[in-house]
Amino acid sequence: MSILWQAGKAINKDEWKEKGLEVLLQSTKRTAYHDSLVTDAGICHGSAGIALIFRRMYLETKLDDFKSGTQYWINQTLELASLEESLGYKHSLRDSWVSDYSLLTGISGIGLVLLSYLHDEQQNWDEMLLIS
(Lines give C-alpha, C1' and ligand atoms only; values in the text may rest on other atoms or scores of the structure.)
Protein backbone atom coordinates (compact mmCIF):
# COMPACT_ATOMS: atom_id res chain seq x y z
CA MET A 1 0.00 0.00 0.00
CA SER A 2 1.30 3.43 -0.78
CA ILE A 3 3.08 4.94 2.19
CA LEU A 4 1.98 8.36 0.91
CA TRP A 5 -1.68 7.33 1.24
CA GLN A 6 -1.15 5.98 4.74
CA ALA A 7 0.94 8.95 5.91
CA GLY A 8 -1.56 11.42 4.44
CA LYS A 9 -4.34 9.71 6.37
CA ALA A 10 -2.31 9.67 9.58
CA ILE A 11 -1.41 13.36 9.57
CA ASN A 12 -4.36 14.67 7.54
CA LYS A 13 -2.38 15.83 4.50
CA ASP A 14 -4.68 15.69 1.48
CA GLU A 15 -1.90 16.34 -1.05
CA TRP A 16 -0.02 13.26 0.21
CA LYS A 17 -3.17 11.16 0.00
CA GLU A 18 -3.82 12.42 -3.54
CA LYS A 19 -0.27 11.56 -4.68
CA GLY A 20 -0.51 8.14 -3.02
CA LEU A 21 -3.85 7.55 -4.70
CA GLU A 22 -2.36 8.54 -8.06
CA VAL A 23 0.47 6.00 -7.62
CA LEU A 24 -1.92 3.24 -6.54
CA LEU A 25 -4.34 3.92 -9.40
CA GLN A 26 -1.47 3.76 -11.89
CA SER A 27 -0.41 0.43 -10.39
CA THR A 28 -3.82 -1.09 -11.20
CA LYS A 29 -2.79 -0.93 -14.85
CA ARG A 30 0.35 -3.04 -14.33
CA THR A 31 -1.03 -6.44 -15.27
CA ALA A 32 1.47 -7.70 -17.85
CA TYR A 33 4.16 -10.01 -16.47
CA HIS A 34 7.00 -7.68 -17.55
CA ASP A 35 5.38 -4.89 -15.48
CA SER A 36 4.54 -6.89 -12.35
CA LEU A 37 7.05 -9.79 -12.28
CA VAL A 38 4.50 -11.77 -10.25
CA THR A 39 5.36 -15.48 -10.31
CA ASP A 40 3.45 -16.84 -7.31
CA ALA A 41 0.34 -16.17 -5.26
CA GLY A 42 1.64 -15.30 -1.78
CA ILE A 43 0.77 -12.17 0.16
CA CYS A 44 4.37 -10.94 0.46
CA HIS A 45 5.13 -10.38 -3.23
CA GLY A 46 2.48 -12.30 -5.14
CA SER A 47 -0.96 -11.97 -6.63
CA ALA A 48 -2.88 -12.43 -3.36
CA GLY A 49 -0.98 -9.54 -1.78
CA ILE A 50 -1.77 -7.25 -4.67
CA ALA A 51 -5.43 -8.27 -4.51
CA LEU A 52 -5.43 -7.55 -0.77
CA ILE A 53 -4.02 -4.04 -1.27
CA PHE A 54 -6.44 -3.18 -4.06
CA ARG A 55 -9.36 -4.57 -2.05
CA ARG A 56 -8.41 -2.40 0.91
CA MET A 57 -8.18 0.64 -1.36
CA TYR A 58 -11.56 -0.17 -2.87
CA LEU A 59 -13.10 -0.40 0.60
CA GLU A 60 -11.58 2.98 1.49
CA THR A 61 -12.28 4.85 -1.77
CA LYS A 62 -15.04 2.93 -3.60
CA LEU A 63 -13.16 3.60 -6.88
CA ASP A 64 -13.96 1.10 -9.62
CA ASP A 65 -10.31 0.85 -10.71
CA PHE A 66 -9.51 -0.78 -7.37
CA LYS A 67 -12.52 -3.08 -7.62
CA SER A 68 -11.50 -4.30 -11.07
CA GLY A 69 -7.84 -4.52 -9.98
CA THR A 70 -8.88 -6.68 -7.04
CA GLN A 71 -10.87 -8.97 -9.32
CA TYR A 72 -7.99 -9.27 -11.79
CA TRP A 73 -5.49 -10.31 -9.09
CA ILE A 74 -7.96 -12.68 -7.42
CA ASN A 75 -8.37 -14.35 -10.81
CA GLN A 76 -4.57 -14.50 -11.20
CA THR A 77 -4.32 -16.07 -7.74
CA LEU A 78 -6.82 -18.75 -8.75
CA GLU A 79 -4.95 -19.31 -12.04
CA LEU A 80 -1.70 -19.87 -10.14
CA ALA A 81 -3.21 -22.79 -8.22
CA SER A 82 -1.74 -26.16 -9.08
CA LEU A 83 -4.41 -28.76 -8.40
CA GLU A 84 -2.00 -31.66 -8.73
CA GLU A 85 -0.07 -30.32 -5.72
CA SER A 86 -1.18 -31.28 -2.24
CA LEU A 87 -1.37 -27.65 -1.07
CA GLY A 88 -2.59 -26.22 -4.34
CA TYR A 89 0.09 -23.53 -4.33
CA LYS A 90 3.86 -23.45 -4.27
CA HIS A 91 6.22 -20.61 -3.43
CA SER A 92 9.11 -19.58 -5.67
CA LEU A 93 12.36 -19.84 -3.71
CA ARG A 94 15.86 -19.64 -5.20
CA ASP A 95 15.03 -21.07 -8.61
CA SER A 96 12.82 -23.84 -7.22
CA TRP A 97 9.24 -24.29 -6.05
CA VAL A 98 8.47 -25.31 -2.48
CA SER A 99 5.34 -26.11 -0.49
CA ASP A 100 4.68 -23.37 2.03
CA TYR A 101 2.10 -23.13 4.82
CA SER A 102 3.15 -19.69 6.06
CA LEU A 103 1.16 -16.48 6.19
CA LEU A 104 3.35 -14.24 4.05
CA THR A 105 4.41 -16.58 1.26
CA GLY A 106 2.24 -19.66 1.65
CA ILE A 107 -1.20 -21.16 1.53
CA SER A 108 -2.34 -19.69 4.89
CA GLY A 109 -2.09 -16.12 3.63
CA ILE A 110 -3.53 -16.96 0.22
CA GLY A 111 -6.47 -18.61 1.96
CA LEU A 112 -7.06 -15.57 4.17
CA VAL A 113 -7.12 -13.27 1.15
CA LEU A 114 -9.56 -15.52 -0.73
CA LEU A 115 -11.84 -15.89 2.32
CA SER A 116 -11.79 -12.13 2.89
CA TYR A 117 -12.71 -11.54 -0.74
CA LEU A 118 -15.65 -13.94 -0.48
CA HIS A 119 -16.82 -12.38 2.79
CA ASP A 120 -17.41 -8.94 1.29
CA GLU A 121 -17.36 -6.60 4.24
CA GLN A 122 -14.89 -4.51 6.19
CA GLN A 123 -12.28 -6.67 7.91
CA ASN A 124 -9.22 -5.47 9.72
CA TRP A 125 -6.95 -8.52 9.92
CA ASP A 126 -4.75 -6.83 7.32
CA GLU A 127 -3.80 -4.29 9.98
CA MET A 128 -1.04 -6.66 11.09
CA LEU A 129 0.48 -6.16 7.63
CA LEU A 130 0.14 -2.35 7.98
CA ILE A 131 -2.38 -2.27 5.13
CA SER A 132 -5.41 -0.96 7.04
Filter the range 14-34 for residues that are loosely packed, with under 14 Cβ neighbours inside 10 Å and farther than 22 Å from H45 by Cβ and give the result.
D14, E15, E18, E22
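Kindly indicate the residue of the range 28-61 that is in a loop (DSSP other than H, G, I, E, B), among the hydrophobic types (A, V, I, L, M, F, W, C) and within 12 Å of the chain's Cα centre (by Cα) and also nearest to G88 (Cα to Cα) among those meeting that condition. Spell out how you get there, then give the answer.
Let us first name the residues in the range 28-61 that are in a loop (DSSP other than H, G, I, E, B), namely 28-32, 37-46.
Going one step further and asking which of them are among the hydrophobic types (A, V, I, L, M, F, W, C), we end up with 32, 37-38, 41, 43-44.
Those still in the list that are within 12 Å of the chain's Cα centre (by Cα) too: 38, 41, 43-44.
Working: V38: 17, A41: 11, I43: 15, C44: 17 Å.
This residue is A41.
So, in the range 59-107, exactly how many residues are aromatic (F, W, Y) and at pLDDT below 95?
Step one: list which residues in the range 59-107 are aromatic (F, W, Y), which gives 66, 72-73, 89, 97, 101.
Checking which are at pLDDT below 95 leaves us with 89, 97, 101.
Total meeting the criteria: 3.
Conditions tested, residue by residue: (1) under 14 Å from the mean Cα position of the chain (by Cα); (2) among the polar types (S, T, N, Q); (3) more than 19 Å from S68 (Cα to Cα); (4) not in a loop (DSSP other than H, G, I, E, B).
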{"position": "W97", "(1), (2), (3), (4)": "no, no, yes, yes"}
{"position": "D100", "(1), (2), (3), (4)": "no, no, yes, no"}
{"position": "L104", "(1), (2), (3), (4)": "yes, no, yes, no"}
{"position": "L112", "(1), (2), (3), (4)": "yes, no, yes, yes"}
{"position": "L115", "(1), (2), (3), (4)": "yes, no, no, yes"}
{"position": "D120", "(1), (2), (3), (4)": "no, no, no, no"}
{"position": "E127", "(1), (2), (3), (4)": "yes, no, yes, yes"}
{"position": "S132", "(1), (2), (3), (4)": "yes, yes, yes, no"}
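A quick yes/no check of all residues on (1) closer than 13 Å to W73 by Cα; (2) without any contact (Cβ under 8 Å) to a residue 60 or more places away in the chain:
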| position | (1), (2) |
| --- | --- |
| Q6 | no, no |
| W16 | no, yes |
| K29 | yes, yes |
| Y33 | yes, yes |
| D40 | yes, no |
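The values are calculated or read from the model by the stated rules, or taken from the named source; none is laboratory data. As the structure is a prediction and not an experimental result, all values here were calculated from the model. Quick reminder, even Gly has a Cβ in these numbers, built from the backbone with ideal geometry, and neighbours come from all protein chains shown.
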